[in-house]
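Below you will find the structure I want to go over with you.
Values in this text are rule-based calculations from the coordinates and carry no lab data. Predicted model only: the values in this text are computed from it and were never measured. Cβ: placed from backbone, ideal geometry, glycine included. Neighbour counts: every protein chain shown.
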Amino acid sequence: MDINKITAVSESEGLQLSIAGGNYRIVISGKQTGGKFAVIEMHVPPGAGPGLHAHTDIHESFFVLEGEVTFQSETGAYTANENAYISIPTGGAVHGFKNTTDYPAKLLCTVMPAGLDDFFIEMDALVQSNLTENDHKEKMKALAEQYGQQFYPEDYFSGSKQ
């Protein structure tokens, strides 16, 4: 694909994935941008969202298209309503979000450089596999490390920062 040409993507295009309890669609992949960025549409049902994690080399930003999610980071919690924007700079800030409402939420996520899109593709394949729970956890941890991700426990901000 020529990254110097205008790209148009319809609402029915893009790879559909099951990630963090939700449905993600890769709107623009890193392969389409020469690795410069990727855009991911995230449908987040009530109770879903990624746990606390960090990635040092990726700038991640979110625009809330519909609904509401609660972001958690080292600087506290933030309720992001429709039309809110959240920016997670490079450097490894621990963060995560959840849909704590009774209604679905939809976010548009941009990552620079690309890479999380490939991570999500491999995570989806792992989720779909028939591994035992222990094998699943080990492979997920190895995959996260391969893509520069680190996972943190839910209580990371409230107590045990191990």
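For region 1-117, what class follows from the C-alpha gyration tensor (a ≥ b ≥ c being the square roots of its eigenvalues): rounded when a/c is under 1.5, otherwise prolate if a/b is larger than b/c, else oblate? Write out the running numbers ahead of the final one.
Values: a/c = 2.07, a/b = 1.35, b/c = 1.54.
The shape class here is oblate.
I would also like to ask the following. Just need log10 I(q)/I(0) for region 49-162 at q = 0.17 Å⁻¹, Debye formula, equal scatterers on the alpha-carbon atoms, no solvent, rounded to two decimals.
Computed log10 I(q)/I(0) values: -0.93.
Place a point 7 Å from the Cα of Glu74 along the Cα-to-Cβ direction; which residues of region 87-111 have their backbone N under 16 Å from it?
Under cut-off, by backbone N: 87-96.
Quick one: among His136, His53, His43, which has the greatest mean-square fluctuation in a GNM of the chain with alpha-carbon springs under 10 angstrom?
His136
At what distance in nm do the modelled label points of Glu11 and Leu143 sit from each other, each positioned 7 Å from its Cα along Cα→Cβ?
Here the answer is 2.9 nm between the modelled labels.
Ok, one more. Before anything else, pin down the relative contact order of region 15-149: Cα pairs under 8 Å, at least 6 apart, normalised by residue count, whole percent. Present the calculation step by step, with values, prior to reporting the outcome.
Values: 307 pairs, mean separation 40.3, N = 135.
Value for region 15-149: 30 percent.
A follow-up question, please. Given points 7 Å out from each Cα along the Cα-Cβ axis, report the Ala125 to Asn4 separation in nanometres with one decimal.
So the two model labels end up 3.2 nm from each other.
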